[in-house]
Amino acid sequence: MGKEKLKPGPLARRPDNSAFKQQRLPAWSPMLTANTVLPFFYIMSSVCLLLGVWLLLTVQSTHELKLDYTEMGDCARCFEMRKNVSSAAQDCTCTVGFSIEKAFKGDVFFYYGLRNFHQNLRRYMDSRDDGQMVGRKRRLKNPTSYCKPFDRDVNGVPIVPCGAIANSIFNDSFTLTYLSPSGPVDVSLIRKGLTWYTDKNIKYRNPKTDNLSLAEEFEGTTRPPYWQKLVYQLDPADPTNNGFVNDDLIVWMREAAFPNFKKLYGFLQRAEKPFTNGLPKGNYTIQISYNFPVQPFQGRKEVVLTTLTWFGGQNHFLPIAYLVTSSLILVTSVVLTVVWWKFGKGGKNMEE
Amino acid sequence: MRCDEYEEIELKMGSFVSYIGKLFGGEKRKELERHLRANDRHFNLSYRYAKNAIKTSKYNILTFLPLNLFEQFTRLANAYFLFLIIIQLFPEISALPWYTTAVPLALVLSVSGVKDAIDDINRHKCDKQVNNRTVDVLINGQLKKEKWLNVQVGDIIKLENNQFVAADVLLLSSSEPLNLVYVETTELDGETNLKVKQATTVTGKMGFNIEALARFNAEVRCEPPNNRLDKFKGTLILDGEVHSLDNDKVLLRGCALRNTDWCFGLVIFAGPDTKLMQNSGRSTFKRTSVDHFMNILVLCIFGLLMAMCLILAIGHAIWETKAGSVFQVFLPPIPGVGIGLSSFLSFWSYVIVLNMVVPISLYVSVEMIRLGNSFFIDWDRKMYYSKNDTPAQARTTSLNEELGQIKYIFSDKTGTLTQNIMTFNKCSINGKAYGELYDFTGQRVEITETTERLDFSWNQLADPKFIFHDHSLMETVREGNPEAQAFFRLLALCHTVMPEEKTEGELNYQAQSPDEGALVTAARNFGFVFRSRTPESITVMEMGRKVVYDLVAILDFNNVRKRMSVIVRSPEGKLTLYCKGADTIIYERLHPSCDKLMEVTTRHLNEYAGDGLRTLVLAYKELDESYLKEWRQRHHEASIALDGREERLDQIYEDIEKDLILLGATAVEDKLQDGVPQTIEQLAKADMKIWVLTGDKQETAENIGYSCNMLREEMSEVFIVAANTAQGVKEELQYARRKMSPDSAEEPSVVRARAGMFWLQKTETLQDENVDGDYALIINGHSLAFALEKELQLELLRTACMCQTVICCRVTPLQKAQVVQLVKKYKQAITLAIGDGANDVSMIKAAHIGVGISGQEGMQAVLSSDFSIAQFRYLQRLLLVHGRWSYLRMCKFLRYFFYKNFTFAFALFWYAFFCGFSGQIVYDDWFITLFNLVYTALPVLGLGLFDQDVSDRWSLQYPQLFSPGQLNAYFDKKVFLSCMMHSWYSSVILFFVPWAAMQDAVREDGRDAADFQTFAIMGQTCLFLVVSIQLCLESYYWTFINQFFIWGSIAVYFAVSFIMNCNGIFIMFNSMFPFIGAARNSLSQPSAWLTMFLTCLLCLLPVVAVRFFLMQIRPTINDKVRHKVRKEGPPAPAPLHQRPRRFSTRRSSYAFSHSRGYGELVTSRGFLPKRSLKSRPALFLNTDPPLAEKQPQLYRTISEEPEEPQGPQARM
């Protein structure tokens, strides 16, 4: 084993007297003693209690409204229509109404939600080409094989953006109207800045345009089969929101972890009255351009309106979990204290 | 490395090779009788006897790669990983890239490949060296130097002094008178005294006559190759006359020729057929019990993995039919893949995904931890023996943790417990005791290394090795005290030692037993130098004066007499009988006038016996000429009597050996190694059972048992089994058992169970039986042979296991191994064998752990051992400190490792229920690749290398800490199950808490936070933090290295996460790092940190609570000792306490020796022609170097004026 040392002398093979080799490294041997464990438990219990209460108060101050519009009102008509693939190209618009009892104060966010839509299937998640969407020209014409069968159309023309994810983009659109006492007012939503900075600026890029228009860049490609528009027609008005860098596309392309999810559609434009303080209470309608079929996979569609706090949306799980944890720890610490008092006090259980 | 020492191993390997050869080279008839003809190669070749060549290497250049790879892939784990790599190559299945498995596997394979290659190269070298040793072979009437490998059965070879015997040979003739040959059989049976072999006269008369030898064409018929060292039966047919051959005429391979110029021998058995080889046990690849258990676990885990994958595949099928089929709009199926096939594919996907439960890093880490712990053994200064510059050595790096589980220790005696040095220590002369030192106050002074020694420089013939401390004895002798002079005169005269004076004044004694040598040497140093003998005279230098005594008679030792006497006539014509023997025997024959002296001497004898010394009582008697004449007449008549000669002689001896005058007593110490009694005491406290297996005589073994505290006066009973029939042995064993445990069942209770892989292995366990009181069992080799038979072995084991101490004496090497195997088989306990000589090799190989004592005679034991230490006492540190730590570390490591990976795999399992059983992994690919390899590799190694519950001093202070290891308490099925439950709980928390917290969450600015990547980052961070903190909880000993590893890993984790999620790397390799920005966006969220904090609390607080609870209710021995450590600080180093003085009425003396002395030989006429001083070359000149090194130069050359040569000068 150990290398023979070439030290001369009678003690040539004597091992070194180092703390490491002799396993005498200075060390701290912590031990679970009553002095440390019990106070720690009590402290943790109170920390959790405080956190729980604080979070609960925070969450209570938010507002949230969920509206499952899948078959709501006259959307039932569209729902039926979308059952039939042959009528997929036909427009269908429906309107649903709701009322807000208490004004939504502050920034209000508008989400669309899907239930039972599996964006997290392995093959589905693989079915995209990041190289294409970061603007690699080579990839534009040669989508990765992972995109199959949405890599090329029947004529062999490359699909842009390729893959199942892009193909299945959520394509309902919403118009929110406030039925104010003085008549309906369109609630304008900001539909940009919905994405992570990294997504918008790094992960998704249009092919480099050397004085070419976007349309020319994308020449020789075609749209995904379920799309109505080509990729460079997503927002012709705004070149920074068109092509691969379209916010809606980017939001969709960020796959959800679970089959029930919501994605940001827009947020309230608070520049004008009566929306400067958020959404006032009252009645609202949403006009929906109902395109996305959920009937085949027994999914549901919903819109969510919510205000946010510093730790995200209205999620009661964390505050409650903290409160429950706190009480569990408290019970445990009491039990441990009793046990310690009965058995271990003064080290009496440690005698041999 | 010296190659001589490889021989043992090589021989064994040779047999393996020949075995293979038999398998493939056509069947070979089982040999019933060996038939050979001297000098007739043609005739002998027809029998196809094994050659003397040796092949131990396994590979050559061409076969290395395929054979080695094949061997490596026969290991289950390696094959499994290969299989994983193969299925990862299919894109439909692969959920992970192939290199995640391939890179570690390639690493593992190449490291062990290189190791094997180096080993094999060494073997090649040593094969060559041993096979190319030369020996003189008589070919076509001429002596030719031939390589060992060319020696064949039937060849006549010439051996020279200090050479190893090349094969088992029949002694034909020798340079010594009477065709005697002295051999040292240490390598063979561990006995150090020289043995005498004698050739038959028909062959002996050939002498050095080459022509006669070349013409020699006798036929030999003898038994087939076997392993009995002490038996040989055969016949020599020469010129139609049949002579019988026995063991005395055979030299065995492995012996070394001593004090014999040359001899000729006829090769009977060669190579693998030699008795040495036949005696070495099979060597098997040793694996630890933890290893075995781990293999079983891996199989179970594999089963679990399959079950999990099956569940998920079924889930996949159900999901596909219900949900997937309707989701096909968005995700069309792969063409041609139906639900069945797709579930099948998903099954294998999950096999890949969940293979984390048994990652290859487990095996790599286990090996590294063992290697590290082996280095700690090598590095331990407290196991370094400075006297011969020998550190401890872990020769096998894969058995460390088993050192912490030892239950049975089998120890050799000579060289292991004892130093194999006999020293004349004390004596009682005429009622005055000598040999001890007292200070001014009359307190006994401990004699140490530094105590001043007696200066013998006045005596030019003194032996410089002899050490004595008591000045008063020397003063008494030099003052001319008649009793003291008579005492030493007796020692110089009454013995059968043969002197050798090879060069002028260089005295060398050939003693039949080392005790006798010690006594004669003592007399030599105190001025009574035994110089030479002839059959009729003994020459002694008495205080510088040459005195020649006429040797009238030698009344030799035997077992019954337990004494020996000589009758000498001094130059003045005074006739004296000198007698020495066992006290009881001599006391019966003393003159009544000695009663008073007897009392005092008895007191001294009791003291000596209490110190574990071997005692002899000396007495003398003046004879008158007439009586002697008459006595000699009767003696002569008796010695020629045809019937009852022995009895009549004994009677005549009795007649003269009476009315003796007591002179005193001697005490000879069979020197124990340092610290042996303390070590044995410590090991016994740690609940280890120590069995001594020795080739030595029963008396000697028993005596050592007493002196190292294994046998004690206060023991309830010491049973001695020494029957000569199977029935007798059975009765004696049963008697002992009934005595110890009267109500024990007659039939042994054997629990049959199954264990091992696939539960294929049947185990039989003999239950321990409880006994009140301490008992000991001593069994001799003869009885052991019967007791090891199938019918009696359980009886033996039962009885032996009831006893505190078991001593087996006169056992052969093979019996040693059989005893070990018996215990291994029926006790299912971990065994350790410790020894120093070649005779221990088989036992060392048979035991779970073999420990060799290094730096002593020969290296055979060390070479086949797993650990080598320089001194027996280091065994306690090796076991109680290193073994315990290694076991603790390994178990902790395994527990933690399985916990960590199970948690990981279970979390992946839960996610399957949310992703349509599609094989999607909940964490980042890179996290999976790096989790075991980078993020947790070093911290867990730190745990496995540095953890210690209590320091080494405390470990030695509380040997009880060792017992959890023997019970396998730290890592067994129960522990593993609880470990699994724990990880199940952790994985539930680790998956569902983030799930609940995240599923509806958004960032504070409203953007996505419930997406897959954010969830993955958060989930894996939770997991990583929890397992890291759990590691801190596991660790008892937080050195800065551990802390550095843990904090470093955490830092590396975050650094790597951010780097892999950064912009630049995505732009360069966008398909490999799709997680761009995820870490930034996820970990900047307060809610993420709140979730992590919650999961950590929920995972870890229960662990703390349960541990604290158990510690209060049911503290383990570890807890108790650790509590003490906290309260008291480090213990003082154990004082080297002096053992209390004991008195004992039990005595032993070598006079109980089994075998007769050389008496007959000494007085025989044939001995008469003395060699001349000049005609003989100095010994130790033409020797091969390793042997010369091994043989200590015992006696210095002293220069004095040349003596006139004694005895006739003529030489045969």
State all residues of the range B:364-382 that are at the interface with chain A (Cβ under 9 Å from one of its Cβ atoms), of a type outside the set (Val, Ile, Thr) and in a helix (DSSP H, G or I); if no residue qualifies, say none. B:Leu371, B:Ser374, B:Phe375, B:Phe376, B:Asp378, B:Trp379, B:Arg381, B:Lys382
Only one of these conditions is not met by A:Glu216: (1) touching a Cys at 6+ places or on another chain (Cβ under 8 Å); (2) more than 26 Å from A:Ser145 (Cβ to Cβ). Which number is it? (1)
Can you work out which of the residues in the range A:127-142 that are in contact with a strand residue (DSSP E or B) (Cβ under 9 Å, 6 or more places away or on another chain) and closer than 16 Å to A:Leu249 by Cβ is nearest to the other protein chains (Cβ to nearest Cβ)? A:Gln132
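Is it fair to say A:Gly113 is within 12 Å of chain B (Cβ to nearest Cβ) and either more than 28 Å from the chain's Cα centre (by Cα) or assigned to a strand (DSSP E or B) (or both)? Write out each step before concluding.
Values: within 12 Å of chain B (Cβ to nearest Cβ): yes; either more than 28 Å from the chain's Cα centre (by Cα) or assigned to a strand (DSSP E or B) (or both): yes.
Yes: the conditions hold for A:Gly113.
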Picked from the range B:966-990 (must be touching a residue at least 12 places away in the same chain (Cβ under 8 Å) and part of a loop (DSSP other than H, G, I, E, B)), the residue nearest to the other protein chains (Cβ to nearest Cβ) is B:Tyr970
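Each row is one residue, and each column tells you yes or no for (1) under 22 Å from A:Ser127 (Cβ atoms); (2) more than 20 Å from the chain's Cα centre (by Cα); (3) more than 10 Å from every other protein chain (Cβ to nearest Cβ); (4) not polar (S, T, N, Q).
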site: A:Gly243; (1), (2), (3), (4): yes, yes, yes, yes
site: A:Pro259; (1), (2), (3), (4): yes, no, no, yes
site: A:Leu264; (1), (2), (3), (4): no, no, no, yes
site: A:Phe275; (1), (2), (3), (4): no, yes, yes, yes
site: A:Tyr290; (1), (2), (3), (4): no, yes, yes, yes
Considering only residues of the range A:309-324 that are at the interface with chain B (Cβ under 9 Å from one of its Cβ atoms) and surrounded by fewer than 22 Cβ atoms within 10 Å (Cβ to Cβ), which is nearest to the chain's Cα centre (by Cα)? A:Gln314
Restricting attention to the range B:542-586, report how many residues are more than 17 Å from B:Ile656 (Cβ to Cβ) and not aliphatic (A, V, I, L, M). 12
First in the range B:83-99 and modelled with pLDDT of 75 or more, second anywhere and part of a loop (DSSP other than H, G, I, E, B) and of a type in the set (Val, Ile, Thr), Cβ under 8 Å, 6 or more apart: B:Ile87/B:Ile93; B:Glu92/B:Ile334; B:Glu92/B:Val337; B:Leu96/B:Ile921
Could you grab me the full set of residues in the range B:1024-1053 that are over 24 Å from B:Ser983 (Cβ atoms) and surrounded by fewer than 19 Cβ atoms within 10 Å (Cβ to Cβ)? B:Phe1040, B:Ile1041, B:Gln1043, B:Phe1044, B:Gly1048, B:Ala1051
Looking at A:Arg77, A:Arg13 in this structure, which one is buried (at least 16 other Cβ atoms within 10 Å of the Cβ), in contact with a strand residue (DSSP E or B) (Cβ under 9 Å, 6 or more places away or on another chain) and either assigned by TED's automatic domain parsing to the domain that holds A:Lys102 or more than 30 Å from A:Lys342 (Cβ to Cβ) (or both)? A:Arg13
Do we find a residue being touching a Leu at 6+ places or on another chain (Cβ under 9 Å), more than 14 Å from every other protein chain (Cβ to nearest Cβ) and either closer than 27 Å to A:Asn142 by Cα or in a loop (DSSP other than H, G, I, E, B) (or both) anywhere in the range A:183-192? yes
Go through (1) aliphatic (A, V, I, L, M); (2) touching a Lys or Arg at 6+ places or on another chain (Cβ under 8 Å); (3) part of a strand (DSSP E or B) and name the single condition A:Leu179 misses. (2)
Strands (runs of 3 or more DSSP E) contained in the range B:687-764 and holding at least 3 residues at pLDDT 80 or above and touching a helix residue (DSSP H, G or I) at 6+ places or on another chain (Cβ under 9 Å): B:689-693, B:717-721
Could you tell me whether A:Lys301 is at pLDDT 90 or above, facing chain B (nearest Cβ under 9 Å), assigned to a strand (DSSP E or B) and closer than 30 Å to B:Ala912 by Cβ? no
Which of (1) out of contact with any helix residue (DSSP H, G or I) (no Cβ under 8 Å at 6 or more places or on another chain); (2) β-branched (Val, Ile, Thr); (3) surrounded by 18 or more Cβ atoms within 10 Å (Cβ to Cβ) does B:Ile538 not meet, given it meets every other one? (1)
Quick one: which of A:Val294, A:Val331 is more than 7 Å from every other protein chain (Cβ to nearest Cβ), within 29 Å of B:Pro1086 (Cβ to Cβ) and outside any strand (DSSP E or B)? A:Val331
Tell me whether the range B:486-505 contains one or more residues that are in contact with a helix residue (DSSP H, G or I) (Cβ under 6 Å, 6 or more places away or on another chain) and acidic (Asp, Glu). no
Could you please give the count of residues in the range B:584-605 that are among the acidic types (Asp, Glu) and under 22 Å from B:Val497 (Cβ atoms)? 0
So which residues in the range B:509-530 are outside any helix (DSSP H, G or I) and touching a helix residue (DSSP H, G or I) at 6+ places or on another chain (Cβ under 9 Å)? B:Tyr509, B:Gln510, B:Ala511, B:Ser513, B:Phe526, B:Gly527, B:Phe528, B:Val529, B:Phe530
Please go through the range A:143-166 and give me each residue that is facing chain B (nearest Cβ under 9 Å), in a loop (DSSP other than H, G, I, E, B) and surrounded by fewer than 23 Cβ atoms within 10 Å (Cβ to Cβ), ordered by number. A:Thr144, A:Lys148, A:Pro149
Touching a Gly at 6+ places or on another chain (Cβ under 8 Å) and in contact (Cβ under 8 Å) with a residue 40 or more places away in the chain: is that true of B:Leu941 in this structure? yes
Matching strands (runs of 3 or more DSSP E) fully within the range B:82-193 where at least 1 residues are closer than 30 Å to B:Lys697 by Cβ: B:156-160, B:168-174, B:180-184
Only one of (1) touching a Cys at 6+ places or on another chain (Cβ under 8 Å); (2) facing chain B (nearest Cβ under 8 Å) does not apply to A:Trp340, and that is (1)
For the range B:469-483, what are the residues that are buried (at least 20 other Cβ atoms within 10 Å of the Cβ) and either under 45 Å from the mean Cα position of the chain (by Cα) or not in a helix (DSSP H, G or I) (or both)? B:Leu473, B:Met474
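The values are calculated or read from the model by the stated rules, or taken from the named source; none is laboratory data. In this text, all values refer to a predicted model and were calculated from it rather than measured experimentally. A quick note on method: Cβ atoms are made from the backbone with ideal geometry, for glycine too, and the neighbour counts reach across all protein chains shown.
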